[in-house]
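I have placed the structure first, in the form of structure tokens, so that the comments after it can refer back to it.
Quick note: the coordinates plus some simple rules give every number you see, no bench work behind them. Since the model is a prediction, treat every value here as computed from it, not as a measurement. Note that each Cβ is placed from the backbone with ideal geometry, even for glycine, and that neighbours are counted across all protein chains shown.
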């Protein structure tokens with residue numbers, strides 16, 4: 001039982017649970033309004049749904065017919081996110097195309113709907129579209145240009161987290177919430193486990209914002225608020241090893257499976273499916289859905305199947321199914337976003353559960369929920385998140401895929417390349433390791449993209465393990481275990497799509513790792529268990545945290 | 001009309017071409033890439049794990065093959081070639097390249113440190129690796145044994161040789177004699193060209209072909225080596241000049257050994273160079289940079305091989321064909337996006353293990369890599385559905401053969417050499433038969 005007299009490690013206004021786009025957005029927003037904030041994330045920032053999507057920054061075009069209000073919000077937030085996260089956003093532009101398999105009915109109403117929703121769009125000729133994207137299906141019947149972009153979810157979330165820190169927030173990744181404490185019908189604090197240092201922390205607070213997405217039901221239950229039903233909607237995505245297109249290409253149909261191809265960094269990503277999943281910690285990448293995505297790719301870019309799939313992953317959209325959601329209250333909330341005020345639902349003040357929404361509108365969702373919280377606090381604090389760029393974006397142009405090449409041209413006589421596929425330099429790796437001494441190779445990957453290119457770590461992972469040793473982060477057997485864990489995690493997203501040239505690559509990678517280096521017989525466990533397992537143990541006794549780690553290439 | 005067209009210039013294709021030429025046949029060697037020797041570690045593996053570590057590969061072969069047989073699936077190549085072909089092939093290669101390039105004993109495995117500090121079993125190794133030899137027989141300690149002091153020296157400009165990782169793992173490994181090594185890591189700077197900071201092993205090896213640069217390197221090394229230490233270095237000690245290693249060792253005045261790196265692997269390239277020179281000297285006709293695109297068959301025989309040479313197809317009439325193009329790593333076997341297996345150039349039937357080809361476990365073996373071509377004991381390609389030959393004069397050897405997990409077993413070179421011997425024997429016999437007709 002919580003003891004109010006115990007000295008807490010922190011005493012703050014708000015604890016935010018969940019380090020995805022929504023949670024970090026809330027932490028940043030609240031901190032910028034002068035509130036004391038701690039954010040708890042059980043794993044790495046943006047390791048959940050935010051890191052497992054296709055990277056689209058919506059223009060709003062996708063929703064002009066089905067949900068004009070949502071479309072309008074997207075169009076507005078697209079401009080804001082592009083401004084405040086310039087380093088994470090690439091202004092690729094987007095196309096909506098009618099493929100030979102699609103009827104033109106939807107397209108007939110597209111421009112008028114876009115106009116009504118104030119989403120900029122224009123129809124261009126098929127030959128203009130083909131000139132812009134030469135690999136597009138030459139049989140397309142119509143094409144509309146919109147302002148879709150792409151955004152690196154990790155970069156965006158780390159940027160927002162850095163901004164929140166500058167405004168005084170404490171961002172604690174690898175801190176798992178263990179309890180929510182209540183007294184007299186109010187939330188008064190939380191306890192959490194510091195996973196990497198294996199210790200407990202307690203935090204006093206006035207409010208808890210549950211931004212755990214697909215896991216929000218589990219978090220609410222810790223406060224004694226049961227039956228918050230969040231059904232994970234699993235979607236798979238596949239990264240192809242080139243930018244088959246340089247523009248986001250959408251099928252101009254009602255939103256459906258396999259209707260979008262997104263160029264992100266050095267790859268292009270085809271997405272996605274939507275299947276209800278029982279457990280967001282165990283998301284499969286079924287072969288049938290892989291085949292479905294490859295066929296969808298063929299419709300947009302003929303010969304798609306001959307291109308090289310390098311990685312696949314599965315993400316969990318949170319779908320809140322709760323009859324007691326204050327669903328009518330859409331004036332205050334963003335579209336697609338579900339908010340539960342547990343004061344109304346469960347008689348527990350100081351707890352909000354927030355779920356759903358879109359990455360594009362993460363800032364707006366955060367603004368709305370912090371507005372609501374401030375109203376309950378009885379305080380007038382204005383939102384400033386749209387006015388100030390995050391630190392990494394200050395003075396930065398928007399992202400271009402050639403950025404690293406430009407940096408490399410400056411540094412080639414000073415710095416080694418550790419990961420050739422992603423042009424990641426030795427100094428980038430060593431500097432981040434010095435700043436984040438507890439980071440795993442996967443944590444570093446999410447920040448630096450090491451091992452995410454065509455060779456999937458075949459050459460660079462051993463170098464990275466070597467740097468863990470030479471920089472004094474860990475001893476050799478532990479670095480070897482880290483190396484195996486990294487390759488094991490790469491394999492989760494490789495084996496379901498392994499075909500064509502990627503098989504050839506994998507054979508070479510195997511030859512190097514197992515053949516030449518004999519990794520299976522180096523010190524340390526040959527098949528190491530997860531060091532930081534996530535979710536409930538599996539029925540077969542294996543620790544959890546393997547399936548769910550499939551994430552962006 | 002050529003007697004034989006050999007396709008592929010890896011260990012299999014080069015050794016087979018020379019072998020066939022020495023039997024008096026007219027041989028054309030066609031290859032597209034630069035052969036698989038530079039992909040590997042540059043030693044000769046026969047059988048390293050079954051899955052326990054193997055000390056006496058030929059003595060343990062029968063037990064290994066019995067276990068493979070129980071597992072089912074396509075026959076292991078060694079079950080097809082038999083053990084004599086291994087001895088013959090390794091012996092032939094040893095004679096070809098001589099003790100300047102390969103030493104050791106086909107009957108006895110030794111363990112050599114890898115570039116992450118594992119102890120890797122192999123049969124024959126390069127003399128430049130001998131000071132790093134760990135004996136698998138506790139009764140006969142090798143150059144490295146309990147209590148030996150090893151300094152692993154990394155080169156700042158070479159990123160594929162993590163000295164601390166290697167030294168740390170070597171020190172954490174129990175040797176077969178029960179003891180451990182005493183290791184430390186050191187670092188030197190030695191840019192291959194000018195002041196470059198990112199050098200490949202190959203470029204450093206080329207630099208060390210130059211005697212002046214060798215002396216410079218020896219001076220740099222001597223500053224970090226303490227008396228009585230064995231020096232472990234990346235395998236970059238010269239590529240063309242066979243004097244590079246012995247001179248460096250003499251100048252340094254201490255035990256010194258090379259550890260192979262990920263590709264491009266200099267030790268493998270040394271063997272490749274040597275074999276290619278022999279093949280040219282013995283007038284094997286070599287058509288480089290040219291892909292096999294097809295064959296013409298008459299009745300049950302291949303009559304000619306079609307090769308894409310510059311600007312046109314070249315038709316090469318031949319009495320026999322030996323396919324030695326490597327496996328999945330060379331693109332000679334293919335799995336398409338519908339998960340269909342094929343041999344993509346001639347569409348030969350592929351033998352495959354039953355069940356799922358790829359599974360979700362990184363640590364377990366992937367059955368896919370057991371897929372390949374099935375052959376009879378003459379290495380004639382068989383249709384696994386009928387058991388009969390596809391063409392009576394179409395042979396296959398090396399990495400394209402079904403039934404092995406070469407990287408896990410550490411068996412790649414042994415399979416290459418044994419199957420090359422069997423194929424050569426059959427091709428020579430057939431050509432002699434024809435001559436008597």
Notebook entry, point to check: Across 20 Å bins from the origin, how do the percents of Cα pairs in chain B run, short distances first?
Noted result: 26, 54, 20, 1
Note to self: Need the C-alpha centroid separation for segment B:358-418 versus segment A:205-223, integer Å.
What the structure shows: 55 Å
Check: Taking only C-alpha pairs under 8 Å that are 6+ residues apart, what is the relative contact order of chain A in percent?
Finding: 18 percent
Margin query: Using a 10 Å cut-off around each Cβ, can you sort B:6, A:65 from fewest to most neighbouring Cβ atoms?
Written below: A:65, B:6
Notebook entry, point to check: Over the alpha carbons of segment A:402-549, what is the largest minus smallest coordinate on each principal axis, giving the biggest first in Å?
Noted result: 52, 38, 29
Next item on the list: First obtain the Kirkwood hydrodynamic radius of the protein assembly as shown from its Cα pairs, then insert it into the Stokes-Einstein equation at 37 °C and 0.692 mPa s, and state the resulting D in µm² per second as a whole number.
Entry: 107 µm²/s
Item checked: Percent of beta bridges antiparallel (DSSP, the protein assembly as shown, rounded to nearest 5) -> 65 percent
Next item on the list: Rounded to whole Å and sorted largest first, list the principal axis extents of the Cα atoms in chain A.
Entry: 67, 64, 48
Checklist line | Computed helical MRE - 222 nm, chain A, DSSP H runs ≥ 4 contributing -39500 (n - 2.57), nearest 500 | finding: -9000 deg cm²/dmol
Check: Using only the Cα atoms of segment A:1-131, what do you get for the radius of gyration and for Dmax, in Å?
Finding: 20.9, 72
Next item on the list: Give the peptides B:294-306, A:68-80, B:263-275 in descending order of average Cβ contacts within 10 Å, highest first.
Entry: B:263-275, A:68-80, B:294-306
Next item on the list: From other protein chains only, count the Cβ atoms within 10 Å of every residue's Cβ in B:418-429, then give the mean.
Entry: 0
Next item on the list: For every helix of n ≥ 4 consecutive DSSP H residues, a contribution of -39,500 (n - 2.57) applies; sum these over chain B, divide by its total residues, and give [θ] at 222 nm rounded to the nearest 500 deg cm²/dmol.
Entry: -9000 deg cm²/dmol
Margin query: Give the separation of the Cα centroids, segment B:280-326 to segment A:257-312, in Å.
Written below: 40 Å
Check: How far is helix B:11-22 tilted off the main Cα axis of chain B, in degrees rounded to 10, range 0 to 90?
Finding: 60 degrees
Item checked: Global geometry of segment B:305-437, whether rounded, prolate or oblate, following the gyration tensor of its Cα atoms and the 1.5 cut on a/c -> prolate
Check: Which angle between 0 and 90 degrees, to the nearest 10, do you get for helix B:211-222 versus the longest principal axis of chain B when only C-alpha atoms count?
Finding: 50 degrees
Note to self: I'd like the orientation of helix B:266-281 relative to chain B: the angle between its Cα long axis and the longest Cα principal axis, in ° from 0 to 90, rounded to 10.
What the structure shows: 50 degrees
Margin query: If packing is taken as the average number of other Cβ atoms within 10 Å across a peptide's residues, how do A:19-26, A:128-135 rank, most packed first?
Written below: A:19-26, A:128-135
Check: What ranking do B:233-243, A:41-51 get when scored by the average of other Cβ atoms within 10 Å per residue, highest first?
Finding: A:41-51, B:233-243
Note to self: Only Cα pairs within less than 10 Å get springs; with that Gaussian network setup on chain B, which residue of B:118, B:281, B:143 has the largest fluctuation?
What the structure shows: B:281
Checklist line | For B:334-342, mean number of other protein chain Cβ atoms within 10 Å | finding: 5
Item checked: Shielding of A:489-495 by partner chains, average beta-carbon count, 10 Å -> 3
Check: Which order results if A:491, A:511, B:362, A:412 are arranged by neighbouring Cβ count within 10 Å, fewest first?
Finding: A:412, B:362, A:491, A:511
Check: What ranking of B:421, A:7 emerges when the number of other C-beta atoms within 10 Å of each C-beta is taken as an exposure proxy, fewest first?
Finding: A:7, B:421
Next item on the list: Using Cα centres only, tell me the gap between segment B:1-67 and segment A:122-165 in whole Å.
Entry: 50 Å
